[in-house]
């Protein structure tokens, strides 16, 4: 399991401004950085941040990007399992942050919704029965989550209109239509990890679906006749495949029909 998370670097928050005090300029920079950190809810003396290994609470939607951890209860985090399920991890000791398998990557997909990717490279999905799994390779409707902030509390609304929580067996589910105490969570951040939210998304897939198809044709086509062979079929099937998690298979099928892939038989 640890190998699958080798790209995630945990650790405590590395605050800015800790440079040689001999230079006068650094005093001003350190003061400026402390103001910046304070605006994010991070400071040298915040006991909550210190207790969670340098991970601070998201206070608004704009905070939620890059490496995050979902805390349920006190110092227990949503943890990915290699079979595609999620469980509530063991309580962390005072001063410790989340473990590697408890660190997710958040991507903002609209002004109100995010997608969350586990260290196994799969997006968190709400299954029809309300279970939360991580098996989707692309972001569809079921992979979109809405953080809800109210009266200083936070909950995470899934695509089924229910809120994320952990059941009695510590399994992560989305079953309650109301955000009670069990559904109150914290999303914690640590920007010292400096991870690009798109780092794990192939460059070929960072545009629209048609652009993605062209990018893969360019990547795999043999170019024997020096002509780019791109399927003329409607892209609606690609959009549907992306939502269903069979995007790459569909792209390959379309290239195979055009005989536009040197790996196609």
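The values are calculated or read from the model by the stated rules, or taken from the named source; none is laboratory data. Because the structure is predicted, anything quoted here is derived from the model rather than measured. Positions of Cβ are generated from backbone atoms using ideal geometry, with glycine treated the same way; all protein chains shown enter the neighbour counts.
Exactly one residue among 141, 154 is in contact (Cβ under 8 Å) with a residue 60 or more places away in the chain, under 17 Å from the mean Cα position of the chain (by Cα) and farther than 13 Å from residue 78 by Cβ, and that residue is 141.
Looking at residue 109, is it touching a residue at least 24 places away in the same chain (Cβ under 8 Å), surrounded by fewer than 20 Cβ atoms within 10 Å (Cβ to Cβ) and under 30 Å from residue 208 (Cβ atoms)?
The answer is yes for residue 109.
Residue check: is residue 253 more than 20 Å from residue 123 (Cβ to Cβ), at pLDDT below 75 and either outside the structural domain of residue 143 (by TED's automatic domain parsing) or in contact with a strand residue (DSSP E or B) (Cβ under 6 Å, 6 or more places away or on another chain) (or both)? No.
Which of (1) within 19 Å of residue 121 (Cα to Cα); (2) at pLDDT below 80; (3) surrounded by 14 or more Cβ atoms within 10 Å (Cβ to Cβ) does residue 192 not meet, given it meets every other one? For residue 192, the exception is condition (1). Of the residues making up region 149-170, those that are surrounded by 15 or more Cβ atoms within 10 Å (Cβ to Cβ) and not in a loop (DSSP other than H, G, I, E, B) number 8.
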